[in-house]
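To start, the structure itself, in structure tokens.
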Amino acid sequence: MGRHGPGKLAIQGGTPIRQKLLPYGRQLVDDDDIAAVVDVLRSDWLTTGPKIPEFEQAFAALTGSLEAVAVSSGTAALHAAMYAIDIKPRDEVIVPAITFAATANSVVFQGGRPVFVDVHPDTLLIDPEQVIKHISTKTKAIIAVDYTGQPCDYDTLRELADRYNIKLIADACHSLGGNYKGRPVGQLADISTFSFHPVKHITTGEGGMISTNDAELARRIRVFRNHGITSDHRQREQQGSWFYEMVDLGYNYRITDIQCALGLSQLRKLAAWVKRRQEIAQQYNSAFAEIPAVQPLGVRAEVSHAYHLYVIRLDVTKLQATRGQIFAALRAEGIGVNVHYIPVHLHPFYRKQLGTKPGMCPVAEAAYEQIISLPIFPQMTDADVEDVIEAVHKVVRAFTV
Ligand SMILES: *Cc1c(COP(=O)(O)O)cnc(C)c1O
């Protein structure tokens, strides 16, 4: 019996643990952030101004990379990465089955073909053994996704990329602030991509970043984010010239100075926020060690996990309920659980476009039936964390055989 009294489930008419839904993630915007944005609103530059290189340089310094390029979203960052490494029709790019759809979509934007590979059963990260099996003469790149915030096995992936002379891209949208063998996320692949959507580690509303140590790739990405034009409006003004050239087909993937001011202010808090996420994860880990039907995903000793998500796996053989029923019961208790992700190859678009189907990535498909993401974000209080733990106990106890 928890501190909220006897455990009649909210879904069966009992009292919910929380009256108001605790979301799985949310942003933290404070007075400093707001003041930084207001300053830009009063300044000369709302876009293509000085806050963009300032944010980029701070981000490059933080990730220990030579270059960072800010764009309008994480999806734009992935698209720009696929453009920069010259993905073209009929090229293949290896992506994990468990990720957000945008990872694979970025390959399709360039006319390429995403090749879905299965994940490791313990971590649900891309499995290098499966990568080898899917490399063909058409393979141009691997996109490793640091799912939940745990960096992938980059030494092994690097070795594979070098052996087959292909590029290694990190979709690091979950892992900003994490590291692999002491090396920060952002410098672990040829190109790394980030998102600043409000549920991610830091936010600019919408926004994204690319980091790389390759100056030529960074140059290509800067052109791509600005319609394929070689100099921006500000550079032209400094040069006192009207002249510009569109050298390739690009997009308007620019981010504004307003957003970069917010991003810069948020970036200063990243380290403390990642630390808080790690503390919450430790509290969950110790609480769930006592519940055999609830297993956290495996974490390798060589990483510092940035915990964008905290995902549990339900051992449904120990429960009289499906994942769907546990999910609904936790939602009824006021816990904003979520599921990350539906395996991408099972979406109707990919079934239609590429003929993908169930059975192609059995580990990912089985895991998908068992996973639930619990709330984790820096301003969660210890009482919030306790509520989640209590709700999981309450619901799992009610459904245990
Ligand atoms: C959030 C996310 C994206 C897309 O980022 P947006 O900024 O929403 O476009 C891509 N990949 C992963 C793994 C993500 O979590």
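Every number in this text was worked out from the coordinates using simple rules, so none of it is lab data. Predicted model, so just to flag it, every value in this text is computed and none were measured. Every residue, glycine among them, receives a Cβ derived from its backbone with ideal geometry; neighbour counts consider all protein chains shown.
Along the Cα→Cβ direction, 7 angstrom out, place labels at Thr137 and Arg300. What is the inter-label distance in nm?
It works out to 3.2 nm between the two label points.
Can you put His174, His340 in order of Cβ neighbours within 10 angstrom, beginning with the fewest?
His340, His174
With a 10 Å Cβ neighbour count serving as the proxy for reagent exposure, in which order, fewest first, do Leu374, Leu22 appear?
Leu22, Leu374
Using Cα pairs under 8 angstrom and six or more residues apart, how large is the relative contact order of the range 31-267, in percent?
Here the relative contact order equals 27 percent.
Counting Lys and Arg as +1 and Asp and Glu as -1, each charge on the Cβ, what is the dipole of the range 31-267 about the Cα centre in debye, to the nearest 20?
Dipole about the Cα centre, nearest 20: 580 debye.
When a footprinting reagent is the concern and you count Cβ atoms within 10 Å, what order do Glu302, Glu56, Glu216 take, fewest first?
The most exposed by this proxy come first: Glu216, Glu302, Glu56.
Among Leu262, Ile132, Pro184, whose Cα sits farthest toward the positive end of the charge dipole of the range 31-267 (+1 at Cβ of Lys/Arg, -1 at Cβ of Asp/Glu, about the Cα centre)?
Going by the charge dipole, the pick is Ile132.
Rounded if a/c is under 1.5, else prolate if a/b beats b/c, else oblate: with a ≥ b ≥ c from the C-alpha gyration tensor eigenvalues square-rooted, which is the range 8-98?
oblate
Can you give the charge dipole size of the range 255-301 about its Cα centre, rounded to the nearest 20 debye, using +1 on the beta carbon of Lys and Arg and -1 on the beta carbon of Asp and Glu?
Around 160 debye, computed over the range 255-301.
Quick check: Cα centre of the range 119-139 to Cα centre of the range 285-316, how many Å?
22
Using a 10 Å cut-off on Cβ atoms, rank the peptides 342-353, 252-263 from the highest mean neighbour count down.
Descending packing order for the listed peptides: 252-263, 342-353.
Note down the net charge around Ile126, summing +1 for each Lys or Arg and -1 for each Asp or Glu among other residues with Cβ under 9 Å from its Cβ.
-3
Say we join alpha carbon atoms closer than 10 Å with springs in a Gaussian network model of the chain; which of Ile11, Ile335, Ile143 then has the biggest fluctuation?
Result: Ile11 has the largest fluctuation of those listed.
Which distance in Å, rounded to a whole number, links the C-alpha centroids of the range 49-101 and the range 142-184?
The range 49-101 and the range 142-184 have Cα centres spaced 14 Å from each other.
Pick from Val385, Val299, Val71 the residue whose mean-square fluctuation is largest in a GNM of the chain, springs joining Cα atoms under 10 Å.
In the Gaussian network model the winner is Val299.
Convert each backbone phi in the range 107-112 into a coupling constant with the Karplus relation 6.51 cos²θ - 1.76 cosθ + 1.60 (shift: θ = phi - 60°), then list the ³J(HN,Hα) values in order as whole Hz, x for Gly and Pro.
5, 5, 3, 8, x, x
Once you charge only the Cβ atoms, +1 for Lys and Arg and -1 for Asp and Glu, what is the size of the charge dipole of the chain about its Cα centre, to the nearest 20 debye?
Around 880 debye, computed over the chain.
Would you please report the Å³ per residue occupied by the convex hull of the alpha carbon atoms in the range 31-267?
114
Quick one: grab the alpha carbon gyration tensor of the chain, order the square roots of its eigenvalues as a ≥ b ≥ c, and give me rounded if a/c is under 1.5, else prolate or oblate depending on whether a/b is larger than b/c.
The shape class here is oblate.
Tell me which of Ala293, Cys152, Thr99 sits at the most positive position along the dipole axis of the chain, charges placed on C-beta atoms (Lys, Arg +1; Asp, Glu -1).
Ala293
Compute the relative contact order of the range 284-401 as a whole-number percentage, counting only Cα pairs closer than 8 Å that sit 6 or more residues apart in sequence.
35
Considering only DSSP beta bridges whose two residues both sit in the range 31-267, what percent are antiparallel, to the nearest 5?
50
For the chain, give the share of DSSP beta bridges that are antiparallel, in percent and rounded to the nearest 5; count only bridges with both residues there.
Taking every DSSP beta bridge within the chain, about 60 percent pair in antiparallel fashion.
Once you order the gyration tensor axes a ≥ b ≥ c over the Cα atoms, which shape class does the range 249-338 get: rounded for a/c under 1.5, otherwise prolate or oblate by comparing a/b with b/c?
Verdict is prolate for the range 249-338.
Defining a contact as two alpha carbons under 8 Å apart and six or more residues distant in sequence, what relative contact order in percent does the chain show?
This gives 24 percent for the chain.
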